[in-house]
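This report concerns only the one structure given below.
The values are calculated or read from the model by the stated rules, or taken from the named source; none is laboratory data. Model, not experiment: these values are computed from the prediction. Cβ placement follows ideal geometry from the backbone for every residue including glycine, while neighbour counts extend to all protein chains displayed.
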């Protein structure tokens with residue numbers, strides 16, 4: 001029972017309290033804000049797997065988000081694909097690129113990997129910008145149909161919100177199961193010392209490619225959701241600055257922490273909006289808050305140690321056996 | 001048939017011959033020491049056995065099968081568990097999670113079964129947990145299981161490395177200078193512990209710089225000097241060997 005309470009609370013907040021509040025406010029702007037927050041939660045969760053859990057600093061995450069968005073945009077506007085198909089297809093296309101990029105780069109040592117992802121991210125951006133016959137270049141792709149998967153009309157603000165919330169919850173479940181398991185322990189071992197992990201019997205390169213494939217799949221889904229809810233995609237939405245924004249969410253929330261990724265995404269999307277009243281100075285204020293967070297809470301607002309402890313205690317993920325008095329390991 | 005066979009292994013780094021035509025064998029159930037002065041090639045030979053460095057020539061066979069050229073993780077899964085000379089624990093993981101990595105490494109794990117939480121995945125997780133707990137109890141680390149490895153007292157960290165290697169269920173345990181940084185009392189405690197592991201049936205290769213630990217507990221000692229094997233005999237014989245004494249006295253005092 002204790003293990004079921006916390007997941008129920010998360011579900012209740014996501015599917016009952018929040019949508020009820022948003023409907024009562026009756027504002028399209030707030031719904032849009034909730035949608036963008038959910039999309040960025042998926043992005044920060046997926047980057048958390050690569051960077052926080054497996055310890056691979058990636059500076060090109062927005063490129064996979066962009067690939068997903070363009071895949072959904074092109075499939076739905078040119079080929080008339082249903083949103084029920086474009087969303088998983090966007091994930092697959094993005095994961096395909098993820099694996100293709102991971103194969104040669106996963107043998108690189110940390111900082112070289114970061115620079116390689118930076119370069120590849122920029123290449124993808126430049127391709128989106130200049131391959132005019134395919135992507136319409138800087139004009140972007142408009143008239144992307146709203147969310148009507150398999151004939152269900154979810155194009156209303158509430159309908160879209162529910163679909164996004166359900167998919168974000170699904171992505172959270174994927175990241176939770178990967179990170180909060182012995183598979184996650186293997187990934188954390190790569191982060192801590194990949195040579196040593198190798199000597200302990202872990203196929204290091206294969207694990208890195210797997211986690212990159214999973215994370216880029218999720219980023220592609222986030223891109224498709226962005227394309228369908230915005231109705232328009234433009235290369236500028238998937239620039240290096242977006243990668244850095246996602247990285248900031250992960251770091252401010254807490255590297256390696258799954259709840260931290262959500263806290264970081266919510267904070268960095270909602271804070272600039274909440275500060276709209278103070279005008280352009282708000283960007284400075286957000287920067288200052290990020291700076292102070294890192295300075296005083298280098299482990300993040302919701303650090304990994306606290307996060308793993310919470311998941312073990314409240315989400316029933318721990319192993320209980322032997323003479324251990326405390327929750328340890330994974331179920 | 002010996003468990004581990006080192007067959008004319010040579011390893012060159014450019015012009016330097018770090019390991020020069022070394023052969024040797026370890027039988028199942030033995031406790032063997034590998035000693036030598038600094039720069040004798042112990043660590044290089046160690047890395048050849050564990051797959052970190054391919055040999056320039058020669059072969060290593062484990063349980064009758066060729067393991068030269070295999071990646072370290074494959075060699076580990078064949079049954080060679082190792083520790084590192086300068087502690088390489090996973091500092092931001094708990095003691096329990098550190099050790100679990102060894103069990104996961106040995107049993108293997110996949111993302112799809114983890115995602116779907118298949119029956120096989122749940123059974124595997126129980127198996128990993130049980131093996132981890134067993135390795136912790138064997139090394140008397142169970143009371144520290146919940147601590148972050150970084151918060152573990154220094155002397156206990158050696159045991160954490162050994163526990164992690166034990167969790168890989170090795171047939172051969174290779175310890176790289178386990179006594180480094182320990183005082184006399186701690187070294188004596190470690191010697192007792194290694195003897196207990198051996199008495200329980202584990203085959204152990206102990207690579208040491210310090211002679212006293214090796215001479216005290218090993219049944220047989222191989223001595224390397226300048227990349228060559230200069231002796232391979234019981235401790236009492238090796239201690240009287242003029243060539244060994246010269247090799248040691250030429251560089252430093254025997255400890």
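Against the conditions (1) within 24 Å of residue A:29 (Cβ to Cβ); (2) more than 13 Å from the chain's Cα centre (by Cα), where does residue A:206 fall short? Just the number, please.
Just one mismatch for residue A:206, condition (1).
So which residues in the range A:283-331 are assigned to a helix (DSSP H, G or I), farther than 20 Å from residue A:52 by Cβ and within 14 Å of chain B (Cβ to nearest Cβ), if there are any at all?
Across the range A:283-331, the qualifying residue is only A:313.
Identify, by number, the condition in (1) at pLDDT 95 or above; (2) over 18 Å from residue A:262 (Cβ atoms); (3) more than 7 Å from chain B (Cβ to nearest Cβ) that residue A:189 doesn't meet.
Every listed condition holds for residue A:189 apart from (3).
Can you give me the ranges of the helices (runs of 4 or more DSSP H) entirely in the range B:106-205 with at least 1 residues that are in contact with a helix residue (DSSP H, G or I) (Cβ under 8 Å, 6 or more places away or on another chain) and more than 10 Å from every other protein chain (Cβ to nearest Cβ)?
On the way: elements: B:111-116, B:119-138, B:154-166, B:184-199.
Fully inside the range B:106-205 and qualifying: B:119-138, B:154-166, B:184-199.
Please go through the range B:114-131 and give me each residue that is surrounded by 16 or more Cβ atoms within 10 Å (Cβ to Cβ) and either farther than 15 Å from residue A:180 by Cβ or more than 24 Å from the chain's Cα centre (by Cα) (or both), ordered by number.
Selection gives B:114, B:115, B:121, B:124, B:125, B:131.
Within the range A:196-240, can you find the residues that are part of a loop (DSSP other than H, G, I, E, B) and either within 12 Å of chain B (Cβ to nearest Cβ) or at positive phi (or both)?
A:200, A:201, A:202, A:203, A:231, listed by residue number.
Based on this model, can you work out whether residue A:158 counts as more than 7 Å from every other protein chain (Cβ to nearest Cβ), without any contact (Cβ under 8 Å) to a residue 12 or more places away in the chain, surrounded by fewer than 24 Cβ atoms within 10 Å (Cβ to Cβ) and in a helix (DSSP H, G or I)?
When the stated conditions are applied, residue A:158 does not pass them.
So that you can scan it fast, the table gives a plain yes or no per residue for (1) in contact with a strand residue (DSSP E or B) (Cβ under 6 Å, 6 or more places away or on another chain); (2) surrounded by 20 or more Cβ atoms within 10 Å (Cβ to Cβ); (3) in a helix (DSSP H, G or I); (4) free of Cβ contacts under 8 Å to residues at least 40 places away in the same chain:
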{"site": "A:6", "(1), (2), (3), (4)": "no, no, yes, no"}
{"site": "A:9", "(1), (2), (3), (4)": "no, no, yes, yes"}
{"site": "A:15", "(1), (2), (3), (4)": "no, no, yes, no"}
{"site": "A:41", "(1), (2), (3), (4)": "no, yes, yes, no"}
{"site": "A:45", "(1), (2), (3), (4)": "no, yes, yes, no"}
{"site": "A:52", "(1), (2), (3), (4)": "no, yes, yes, no"}
{"site": "A:55", "(1), (2), (3), (4)": "no, yes, no, no"}
{"site": "A:59", "(1), (2), (3), (4)": "no, yes, no, no"}
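For the range B:65-105, enumerate the residues that are in a loop (DSSP other than H, G, I, E, B) and in contact with a strand residue (DSSP E or B) (Cβ under 8 Å, 6 or more places away or on another chain).
Listed by number, the residues that qualify are B:67, B:68, B:79, B:83, B:84, B:85, B:91, B:92, B:93.
Do the conditions hold for residue A:87, that is, is it in contact with a strand residue (DSSP E or B) (Cβ under 8 Å, 6 or more places away or on another chain), in contact (Cβ under 8 Å) with a residue 24 or more places away in the chain and under 24 Å from residue A:231 (Cα atoms)?
no
Have a look at A:328, A:247, A:295, A:284 and point out the one that is farther than 30 Å from residue B:130 by Cβ and touching a helix residue (DSSP H, G or I) at 6+ places or on another chain (Cβ under 7 Å). Step through it out loud before you land on a result.
Numbers: A:328 fails: farther than 30 Å from residue B:130 by Cβ; A:295 fails: touching a helix residue (DSSP H, G or I) at 6+ places or on another chain (Cβ under 7 Å); A:284 fails: touching a helix residue (DSSP H, G or I) at 6+ places or on another chain (Cβ under 7 Å).
Going through A:328, A:247, A:295, A:284 in turn, just one is farther than 30 Å from residue B:130 by Cβ and touching a helix residue (DSSP H, G or I) at 6+ places or on another chain (Cβ under 7 Å): A:247.
Just to verify a result, which residue in the range B:59-77, among those that are more than 9 Å from every other protein chain (Cβ to nearest Cβ) and in contact (Cβ under 8 Å) with a residue 60 or more places away in the chain, is nearest to residue A:198 (Cα to Cα)?
The residue in question is B:62.
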